[in-house]
Structure formats: structure tokens, C-alpha cells
Amino acid sequence: QVQLVESGGGLVQPGGSLRLSCAASGSIFSITAAGWHRQAPGKQRELVAAITSGGSTNYAESVKGRFTISRDNAKNTVYLQMDSLKPEDTAVYYCHAPFAKVDYWGQGTQVTVSS
């Protein structure tokens, strides 16, 4: 059983930055892909950024150039650096990792961008 625990959310003004962290209970990020998804009120959950076990990344068009996903295998942690935040980035952000044919999700962390 793998547990994913997110942290780093909060309230930030437009144009500000936050860094989200996703810590895994086991050493899985070196051998599996990971992604950050978000869900705003009344909207479907969407993929924001993903990173493969080999380090390749991809991003939603809406966050390209502003968000950066990275991974620290030694710490079993995946990060999402979010810069130039906009009010439309407000959502609950979830970490996701497929491992051993199971989709693991974190509990989510709230990000609110507001003045």
C-alpha cells in the first residue's frame, strides 16, 4: 500500500508563487510516473503536469511556462513549483501515481489565488 501526502497549498495573491510537495510512503517515484491534477468547484478534475520515471515532463497549455514539475527520488517526493499564479488556478490540487496496476491519489491540498 502506497500513501501520497500533499502539502504546500494556501492563499496567495495573483502573481505570487507556491510550491506543492507530494511525499510517497515508499520509493516509487524512481520507477513510476507521477502527476499533479486539480479540480475547481463545479469543474472536472484535469491534469496539470506530469513527469515520467525517466524525467520527461508535460504540462497543460494553461500552465506552460508558469508551472514546473520535478522529482527528488532520494526524498520520495514530487514537487510542483507554481509561479505567476492567476485566480483561475484556484483549485484543490491532487498528486497521482500509478504503481503496480493501482492508481494512488493524495488527499488534495487547496490552492486559492485571490487579492
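The values are calculated or read from the model by the stated rules, or taken from the named source; none is laboratory data. Since the structure is predicted, the reported quantities are computational estimates derived from the model, not experimental observations. Positions of Cβ are backbone-derived with ideal geometry, glycine not excepted, and every protein chain shown enters the neighbour counts. Note: areas computed on protein heavy atoms with side chains; ligands, DNA, RNA excluded. Shrake-Rupley method; radii C 1.70, N 1.55, O 1.52, S 1.80 Å.
Which of the residues belonging to region 93-113 are open to solvent by 20 Å² or more (accessible area, probe 1.4 Å) and farther than 18 Å from Q81 by Cβ?
Within region 93-113, P98, F99, A100, K101, V102, D103, Y104, W105, Q107 qualify.
Which count do you get for residues in region 1-17 that are part of a loop (DSSP other than H, G, I, E, B), within 22 Å of R71 (Cβ to Cβ) and either out of contact with any Asp or Glu (no Cβ under 6 Å at 6 or more places or on another chain) or among the acidic types (D, E) (or both)?
Our first condition is that a residue be part of a loop (DSSP other than H, G, I, E, B); within region 1-17, this holds for 1-3, 8-9, 13-17.
Within this subset, residues satisfying the condition of being within 22 Å of R71 (Cβ to Cβ) are 1-3, 8-9, 17.
Still in the list and also either out of contact with any Asp or Glu (no Cβ under 6 Å at 6 or more places or on another chain) or among the acidic types (D, E) (or both): 1-3, 8-9.
Result for region 1-17: 5.
Out of all the residues in region 33-54, is one or more of a type outside the set (D, E), modelled with pLDDT under 95, touching a strand residue (DSSP E or B) at 6+ places or on another chain (Cβ under 6 Å) and closer than 14 Å to G108 by Cα?
No: region 33-54 contains no residue that is of a type outside the set (D, E), modelled with pLDDT under 95, touching a strand residue (DSSP E or B) at 6+ places or on another chain (Cβ under 6 Å) and closer than 14 Å to G108 by Cα.
What are the residue pairs meeting all of these: first residue in region 91-115, first residue over 15 Å from G26 (Cβ atoms) and small (G, A, S), second residue open to solvent by less than 30 Å² (accessible area, probe 1.4 Å) and not in a loop (DSSP other than H, G, I, E, B), Cβ atoms under 7 Å, and 6 or more apart or on different chains?
Once the first residue is over 15 Å from G26 (Cβ atoms) and small (G, A, S) and sits in region 91-115, its partners that are open to solvent by less than 30 Å² (accessible area, probe 1.4 Å) and not in a loop (DSSP other than H, G, I, E, B) give A91/R38; A91/V111; G108/E6; G108/Y93.
Can you name the residue in region 18-38 that is of a type in the set (A, V, I, L, M) and farther than 18 Å from S7 by Cβ and, of all such residues, is surrounded by the fewest Cβ atoms within 10 Å (Cβ to Cβ)? Don't jump to the end; show me each part of the working.
First pass over region 18-38, keeping only residues of a type in the set (A, V, I, L, M): 18, 20, 23-24, 28, 31, 33-34.
Filter again for farther than 18 Å from S7 by Cβ, leaving 31, 33.
Numbers: I31: 10, A33: 18.
Checked region 18-38; the qualifying residue surrounded by the fewest Cβ atoms within 10 Å (Cβ to Cβ) is I31.
With the checklist (1) within 16 Å of G8 (Cα to Cα); (2) outside any loop (DSSP other than H, G, I, E, B); (3) not acidic (D, E) in hand, flag the one item L85 doesn't pass.
Among (1) within 16 Å of G8 (Cα to Cα); (2) outside any loop (DSSP other than H, G, I, E, B); (3) not acidic (D, E), the lone unmet condition for L85 is (2).
Table: residues versus (1) at positive phi; (2) small (G, A, S).
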{"position": "K43", "(1), (2)": "no, no"}
{"position": "A49", "(1), (2)": "no, yes"}
{"position": "A60", "(1), (2)": "no, yes"}
{"position": "V63", "(1), (2)": "no, no"}
{"position": "S84", "(1), (2)": "yes, yes"}
{"position": "T90", "(1), (2)": "no, no"}
{"position": "Y94", "(1), (2)": "no, no"}
{"position": "Y104", "(1), (2)": "no, no"}
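Does F67 qualify as being open to solvent by less than 20 Å² (accessible area, probe 1.4 Å) and closer than 15 Å to G106 by Cα? Don't jump to the end; show me each part of the working.
Numbers: open to solvent by less than 20 Å² (accessible area, probe 1.4 Å): yes; closer than 15 Å to G106 by Cα: no.
Spelling it out, it is not the case that F67 is open to solvent by less than 20 Å² (accessible area, probe 1.4 Å) and closer than 15 Å to G106 by Cα.
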